[in-house]
Amino acid sequence: MGPQPIDFTGLITAIRQTDAALAEQAARAVNISLTLRNWCIGCYLAEFEQNGSDRAQYGTRLMDEVSARLSQEEVSGVAARSLRQYRQFYQAYPQIWQTPSAKSLGTLLPDPIWQTLSAKLPGISIREMASPESQAPRVPAHLLLDRLSFSHFAELLQLGDPLQRGFYEAECLRGNWSVRELKRQIATQYYQRSSLSTDKAALAALANSGAEQASSLQIIRDPYVFEFLGLKPREVMSESHLEDALLDKLQAFLLELGHGFCFEACQKRLLIGGEHFFVDLVFYHRILKCHVLIELKNDAFSHEHLGQLNAYVSYYKQHHMTEGDQPPIGILLCTRKNTELVQYALADMSNQLFVSRYQVQLPGKAEMAAFLHKAVEELGGGDE
């Protein structure tokens, strides 16, 4: 007897399950490729530092020189700091080489360097490749590669103790932790608390009871991934369709004011302390001679929002101000259920003349609130 024909509900279920399964597979494949790519880069760099025929010409400048040259070649994710991280990744996780995915690279990377390394690596034991202090129990390499994103590895690399790193590897896999959850558990010293606990199983159950779990969506939204894929931050970072549309309207609104706003960036990525952050809109005001950073939050105001914006303003003041610039300005917009809040963060301006010019040249809080109220109504978000 042949298969029974499916009804409409069965059709929808089949399509939904197929979509979810293949999206998960695609996200996992992208993640593995990115992780292997960074591991290989670290492998190349370490090998060149040890055996490169002209390595003496570069010395301590190697990472800067490689970064500059690769940037000219439009290779993404190759800042000097990132290259050092890739080298550290290779040195901390030599067992990645033993995974089937890594061993299959020979068919994809037929360059002379990889051929030389692939001939050498199988004959090197984990004990020989790893540093003496790293002889701790290891989670199987294929599990790490299949289930952890490179952002997970980036967090784990900050742990100097291999035993502690191995603990978080295992717990991360057991709880299917997101990167944010891994960072939270490290920050709350879960490892230290576990070593002191007399009932480690109960503590583990408690730690995982409210843990945020990783998902394929989080993998694709990972800054490392969209940089690897050549995606623009705006394409993956928008929190909602409403917020996306509001940003479009806000950008047009400020440019139409004619007060001197010059658009610079949308979802401007900042790398602060090894973490990626995004500023919704960045303008340069040609009259005030300063950057204007705008954060739009599609929810009610919280002090965390203001603290986040102030951090961005401080970062811009330190890293983006040039001679003749005034300190940057931050504008926080919050909206929920037809209530608006506009908060200006003035950093630490002391120039009263500039403050006066600022009050004249920037749109007033009432004007901004009126715009926001009207935009939310037009976009149908007033009842959210």
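The values are calculated or read from the model by the stated rules, or taken from the named source; none is laboratory data. Remember, predicted model here, so these are calculated numbers, not experimental data. Cβ sites come from the backbone with ideal geometry, for glycine too, and all protein chains shown count toward neighbours.
Conditions first: (1) touching an Asp or Glu at 6+ places or on another chain (Cβ under 8 Å); (2) free of Cβ contacts under 8 Å to residues at least 60 places away in the same chain. Leu333 passes all but one, so which condition is the exception?
All conditions pass for Leu333, except number (2).
Of everything in segment 292-324, what is surrounded by fewer than 17 Cβ atoms within 10 Å (Cβ to Cβ) and either of a type in the set (Gly, Ala, Ser) or outside the structural domain of Asp244 (by TED's automatic domain parsing) (or both)? Give them in sequence order.
Passing the criteria: Ala300, Ser302, Gly307, Ala311, Gly324.
Filter segment 11-58 down to residues that are over 19 Å from Gln85 (Cβ atoms) and of a type in the set (Phe, Trp, Tyr), then give me how many there are.
So the answer is 0.
Rundown of residues vs (1) buried (at least 16 other Cβ atoms within 10 Å of the Cβ); (2) within 21 Å of the chain's Cα centre (by Cα); (3) farther than 28 Å from Leu83 by Cβ; (4) at pLDDT 85 or above, yes/no style:
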residue: Lys268; (1), (2), (3), (4): yes, yes, no, yes
residue: Leu271; (1), (2), (3), (4): no, yes, no, no
residue: Cys290; (1), (2), (3), (4): yes, no, yes, yes
residue: Gln326; (1), (2), (3), (4): yes, no, yes, yes
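What pairs come up if the first residue lies in segment 187-207 and is at negative phi, the second is aliphatic (A, V, I, L, M), and their beta carbons are under 6 Å apart, counting only those six or more places apart or on different chains?
What qualifies is Tyr190/Ala207; Ser194/Leu203; Ser197/Leu203.
Can you confirm whether Glu235 is surrounded by fewer than 18 Cβ atoms within 10 Å (Cβ to Cβ) and either in a helix (DSSP H, G or I) or at pLDDT below 85 (or both)?
For Glu235, the condition - surrounded by fewer than 18 Cβ atoms within 10 Å (Cβ to Cβ) and either in a helix (DSSP H, G or I) or at pLDDT below 85 (or both) - is met.
In this structure, is Ala56 surrounded by 12 or more Cβ atoms within 10 Å (Cβ to Cβ) and of a type in the set (Gly, Ala, Ser)?
So Ala56 does not fit the description; no.
Could you list, ordered by first residue, the pairs with Cβ atoms under 6 Å in which the first is in segment 168-184 and acidic (Asp, Glu) and the second is surrounded by fewer than 17 Cβ atoms within 10 Å (Cβ to Cβ) and outside any helix (DSSP H, G or I), at least 6 apart or interchain?
So the pair list comes out as Glu181/Glu212.
Could you tell me which residue of segment 22-53 is farthest from Gln98 (Cα to Cα), considering only residues that are surrounded by 11 or more Cβ atoms within 10 Å (Cβ to Cβ) and of a type in the set (Gly, Ala, Ser)?
Looking at residues that are surrounded by 11 or more Cβ atoms within 10 Å (Cβ to Cβ) and of a type in the set (Gly, Ala, Ser), I get Ala23.
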